[in-house]
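Participant: Can you keep this structure in mind? I'll have questions shortly.
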Amino acid sequence: VQLQASGGGMVQPGGSLRLSCAASRSFFNFDAMGWYRQAPGKQRESVASISTGGRANYADSVKGRFTISRDNAKNTVYLQMNNLKPDDTAVYYCYAQWSGPAYWGQGTQVTVSS
């Protein structure tokens, strides 16, 4: 299974980006998928996840600003990021899991700077 992440870039504080993660496998019967991020010198942290039933969970630091969604027809999961802050600067990784180890995308850089 391959996951292709895209959509990162550089934006000013308060700006928006939408990350995409396209999977080479159907989303049918998946367990969970979502996004992690890792900033320089920090541990990787969970940002958002979505279950097969559509239940979404978010890190406290992004609640109200980020929205995770999926398009089953396109086998793609999205992360809409609004009101971005410099602390959101990190490499963002998507993952997906089907009853076993998670598969990971290659990471996409998000930089929030004025």
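The values are calculated or read from the model by the stated rules, or taken from the named source; none is laboratory data. Everything numeric in this text was worked out from a predicted model, so none of it was measured. Here Cβ is always computed from backbone atoms with ideal geometry, including for glycine, and neighbour counts include all displayed protein chains. For the accessible areas, the whole protein counts, side chains as well, though only heavy atoms, and no ligand, DNA or RNA atoms are used. Shrake-Rupley method; radii C 1.70, N 1.55, O 1.52, S 1.80 Å.
Participant: With every protein chain in place, what's the accessible area of Tyr78 (1.4 Å probe, Å², nearest 10)?
Facilitator: Taking all protein chains as shown, Tyr78 has close to 30 Å².
Participant: Give me the net charge for the shell around Val47: Cβ to Cβ below 14 angstrom, other residues only, Lys and Arg +1, Asp and Glu -1.
Facilitator: Computed value for this residue: +3.
Participant: Another one. Reachable lysines from Lys85, Cα under 20 Å, same-chain residues fewer than 8 places away excluded?
Facilitator: Lys42, Lys63
Participant: If you don't mind, there's one more thing I want to ask. Could you report the accessible area of Met10 in Å², rounded to 10, computed with a 1.4 Å probe on the protein chains as they sit in the structure?
Facilitator: Only protein atoms counted, so the area is about 140 Å².
Participant: Right, here's the next one. What size of dipole, in debye to the nearest 20, comes out for the chain about its Cα centre when the only charges are +1 on Lys and Arg C-beta atoms and -1 on Asp and Glu C-beta atoms?
Facilitator: 80
Participant: Once the Cβ-Cβ distance between Ala56 and Ser6 is put in as r, and R0 is 22 Å, what FRET efficiency do you end up with, to the nearest 0.05?
Facilitator: Plugging the Cβ-Cβ distance into 1/(1 + (r/R0)^6) gives 0.60.
Participant: Starting from the Cα of Ser26, step 7 Å along the direction of its Cβ; do the same at Lys85; then give the gap between the two resulting points in nm.
Facilitator: 4.2
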